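Chemist: Got a structure for you, written out below as structure tokens; questions coming shortly.
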Amino acid sequence: MTLERVAPAVAAAVAAVKEDRLWRRHLQIAEIGATGRGGVNRQALTPEDAEARRRVLGWAAARGFEASVDPIGNLFIRRAGRSPTARPIVSGSHLDTQPTGGNFDGVFGVLAALEVLEAVDDAGVETVHPLELAIWTNEEGARFQPTTMGSAVFAGALALAAALATVDAHGVGVEQALAQTLKAAPVVNRRAFRFPMTAYLEAHIEQGPVLEAAGKTIGVVSGIQGLRWFRVEVTGEEAHAGTTPRARRRDALLAAVDMVRALRDLMLDATDTARFTVGRFEVRPNSPNTVPGQVLFTIDFRHPDGTVLSRLGDEVAAVCRAHAGGCAVDVIETLNSPPTEFDPRICELIQAAAARQGLPHMRIVSGATHDAKYMAGLCPTGMIFVPCERGISHNEGERASAADLAAGARLLAEVMLRLN
Ligand code: HGY
Ligand code: MN
Ligand code: MN
């Protein structure tokens, strides 16, 4: 479409974005898995996840949008364009959350994309390309590792069989949980992995303090920092806490603590750039008077510089072994994701539209990872950030304002239509 013909259609669709509808939908999704402390526990492929899928599918069906699902449960909701064969312009995120999650991480990207499809519908704009909402399975990786599992399988970065065989801490597998989810939130149409897209856009809260501190409404995301995940299994020997001399002990807990302390020292940098987290630490048999025989802990290591990510990440196993004492140690890397750069043309498009809409904006690299990471390898991809209060996320206190969410959705509407 020429700029003149784009402008009226864009203006009509942007004007049709409804802040109250978008906000009300956040409140409705927030009810599903609500913890009663202001946050939500809606982990991947749980009944709560299925209920949230069902809720969004209901809103889509009311509009006559067509739904489809791929073999790992990624959901796609399509508003048809004039050309059924044109590659869809896709936008989305995830509905699953952390165990003590907030009500905007992922959900905003899903509801902003749905809001765009509805606003374009309300404005009576006929696009050439189909517009699609994507809802990725298990973005968080809290219940089933690794994070961004659904988009990784879609993009071919993770084998479907390996993902389906993954089990949670209770031994429940993805395959079984996915079957239950699809039974609870059925979708008839099947979709292939890696279907061609014109472009992929993801709207998300920043999950950090930068935009708020800079007084900006919009982050034009230039890329995502690198990320490496490890699982460390330390095996010693159970023993009696009262009778076993120190010299005869193979204490898995003390060894694991030494490893974590040494890893923290390895990752310590004067610029506070590296991100090192041990989020899960399980002791077995977890009894006060038995020397721990087994410890399992996870490592989430991130850095924006690919060479540093490689260099320090490659030292993790050696550092663990050097502090194993008399214990055995297994270090399994479950994710190695180098830094991602988004398409400069998409970034330019987002930036120009933010300027046109008079939205204070800045370029930003994402500290959090997102499904857009894998789309960047398949098609022109970009992200739009809006601020969250005090940068708090992966926390029940996560907050964003209705006005910022609507501003992000209006910007998303313009960018998607200008790609049409
Ligand atoms: O871990 C992440 O960066 C994402 O929020 N799941
Ligand atoms: Mn997210
Ligand atoms: Mn998250």
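The values are calculated or read from the model by the stated rules, or taken from the named source; none is laboratory data. Quick caveat, the model's predicted, so the values are computed rather than measured. Cβ placement follows ideal geometry from the backbone for every residue including glycine, while neighbour counts extend to all protein chains displayed.
Chemist: Anything in region 359-393 that is charged (D, E, K, R), touching a strand residue (DSSP E or B) at 6+ places or on another chain (Cβ under 6 Å) and either surrounded by 24 or more Cβ atoms within 10 Å (Cβ to Cβ) or closer than 24 Å to Pro146 by Cα (or both)? List them, or say none.
Modeler: Going through region 359-393, the residues charged (D, E, K, R) turn out to be 363, 371, 373, 389-390.
Next, only the ones that are touching a strand residue (DSSP E or B) at 6+ places or on another chain (Cβ under 6 Å) stay: 363, 373.
The answer is Lys373, and nothing else.
Chemist: Which one of these does Arg228 not meet: (1) more than 33 Å from the chain's Cα centre (by Cα); (2) not in a helix (DSSP H, G or I)?
Modeler: (1)
Chemist: Which of the residues belonging to region 77-107 are within 11 Å of ligand 3 (Cβ to nearest atom), in contact with a strand residue (DSSP E or B) (Cβ under 9 Å, 6 or more places away or on another chain) and not small (Gly, Ala, Ser)?
Modeler: Correct list: His94, Thr97, Gln98, Phe104, Asp105, Val107.
Chemist: Looking at Ala152, is it over 18 Å from the mean Cα position of the chain (by Cα) and in a helix (DSSP H, G or I)?
Modeler: No, not satisfied.
Chemist: Looking only at region 79-102, which residues are buried (at least 24 other Cβ atoms within 10 Å of the Cβ) and within 16 Å of ligand 2 (Cβ to nearest atom)?
Modeler: Within region 79-102, Ser91, Gly92, Ser93, His94, Leu95, Asp96, Thr97, Gly101, Gly102 qualify.
Chemist: What do you reckon, is Gly92 within 16 Å of ligand 1 (Cβ to nearest atom) and in a strand (DSSP E or B)?
Modeler: Numbers: within 16 Å of ligand 1 (Cβ to nearest atom): yes; in a strand (DSSP E or B): yes.
Here the answer is yes, as Gly92 does meet what is asked.
Chemist: Take Ser401 and tell me if it is of a type in the set (Ser, Thr, Tyr), assigned by TED's automatic domain parsing to the domain that holds Glu19 and within 16 Å of ligand 3 (Cβ to nearest atom).
Modeler: no
Chemist: Go through region 357-383 residue by residue and tally those that are more than 17 Å from Glu139 (Cβ to Cβ) and under 19 Å from the mean Cα position of the chain (by Cα).
Modeler: 5
Chemist: Looking at Glu19, Glu66, Glu51, Glu31, which one is closer than 17 Å to Ala179 by Cα and charged (D, E, K, R)? Can you show your working first?
Modeler: Details: Glu19 fails: closer than 17 Å to Ala179 by Cα; Glu66 fails: closer than 17 Å to Ala179 by Cα; Glu31 fails: closer than 17 Å to Ala179 by Cα.
So the residue among Glu19, Glu66, Glu51, Glu31 that is closer than 17 Å to Ala179 by Cα and charged (D, E, K, R) is Glu51.
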